[in-house]
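Report on the structure given below.
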Amino acid sequence: MTTRSPASNAVVFLVFPWDHEGMDGDDDLLRTGEVARLLGVSRQHVVDLCDRGDLPAVRTGVHRRISRREVALLAAAGSGGLTREQERSLWLHQGLLGVLLAEPDRGLATARDNLDRWRTVHRPGGATLGYFDAWERILDAGLDEVVATLVSRTPVACELRQNSPFAGLLPDSTRIALLAAFVRHWDLDHEQADRGRAS
C-alpha cells in the first residue's frame, strides 16, 4: 500500500512483517502450485514432499508456503539433480528391468492390470488419472518406450515413476535387496561428494 504526501509527492511504503518461522526474511515464499510448476511435478507431489519433511514449509492459515531457496536446493539435490526419493525410485526401476526384459509379456500385462484396477478406485478427473493415461500411451508405444521411461532422469519420468504401474512385479526379496543396496550406494556417494566439497 502506498500513500502520497501532497507536499512532497514522495512515496511511502508500509511494510508488514511476516513470521517465517526461522526462514530467511529475504526469501520469497511460494505456493505449492508455483513450486510444482518450477520443479515440473504435480502439486500433490509437492504436498507429499512437505508432509514427509523433504521440503521445509511454513503454514499461513491452512496453506503451505515454501521458501524459493529451499526449492532451489531441492532441485539441485542428489545425483544428477535428483532428490533422494527420485534416486531411490530410479534405482528400483533399474532393478526392475531384469525382470521386465526377461518376461516382457508378463511385465506389460501386470502394468495394464494394475492400471485397470487402480482406475476403479480413483475419482474421475483426479490428477492421478492423468498419470494412468500417460502410462497407457507409453505401454501402447512398446517395450523400448517403457524402458526409456523407467531409466530417464527427466522431471516427467521421475513423476511417472512415482505413479508406476509395475507394482508387484519385483519379488519381495529382490525389492528388499535393492533398497538395502540403494541405501549403501546413496550414503557412499554423498559421503564422497561431501568430502570432495570440503577439500
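The values are calculated or read from the model by the stated rules, or taken from the named source; none is laboratory data. What you see is a predicted model, and the numbers here were worked out from it, not measured in a lab. Here Cβ is always computed from backbone atoms with ideal geometry, including for glycine, and neighbour counts include all displayed protein chains.
For residue 74, the conditions (1) in contact with a helix residue (DSSP H, G or I) (Cβ under 9 Å, 6 or more places away or on another chain); (2) at pLDDT 75 or above; (3) not β-branched (Val, Ile, Thr) are fulfilled apart from (2). Among the residues of segment 164-178, the one identified as among the charged types (D, E, K, R) and surrounded by 12 or more Cβ atoms within 10 Å (Cβ to Cβ) is 175.
With respect to residue 139, is the statement that it is in contact with a helix residue (DSSP H, G or I) (Cβ under 9 Å, 6 or more places away or on another chain), part of a helix (DSSP H, G or I) and at pLDDT 95 or above true?
It is true that residue 139 is in contact with a helix residue (DSSP H, G or I) (Cβ under 9 Å, 6 or more places away or on another chain), part of a helix (DSSP H, G or I) and at pLDDT 95 or above.
Could you list, in sequence order, the residues of segment 95-127 that are farther than 25 Å from residue 182 by Cβ and either touching a His at 6+ places or on another chain (Cβ under 7 Å) or among the charged types (D, E, K, R) (or both)? 105, 112, 113, 116, 117, 119, 123, listed by residue number.
Filter segment 45-61 for residues that are at pLDDT 80 or above and acidic (Asp, Glu); which is surrounded by the fewest Cβ atoms within 10 Å (Cβ to Cβ)?
Restricting to residues being at pLDDT 80 or above and acidic (Asp, Glu), the top hit is 51.
Among residues of segment 157-174 that are more than 22 Å from residue 128 (Cα to Cα), those with a beta-carbon under 6 Å from a residue that is of a type in the set (A, V, I, L, M) at least six positions away or on a different chain give the pairs 170/96. The one condition from (1) polar (S, T, N, Q); (2) over 25 Å from residue 38 (Cα atoms); (3) in contact (Cβ under 8 Å) with a residue 40 or more places away in the chain that residue 89 does not meet is (2). So in segment 21-43, with the set limited to residues that are in contact with a helix residue (DSSP H, G or I) (Cβ under 8 Å, 6 or more places away or on another chain), among the charged types (D, E, K, R) and surrounded by 13 or more Cβ atoms within 10 Å (Cβ to Cβ), which one is modelled with the lowest pLDDT? Among residues in segment 21-43 that are in contact with a helix residue (DSSP H, G or I) (Cβ under 8 Å, 6 or more places away or on another chain), among the charged types (D, E, K, R) and surrounded by 13 or more Cβ atoms within 10 Å (Cβ to Cβ), the one modelled with the lowest pLDDT is 27.
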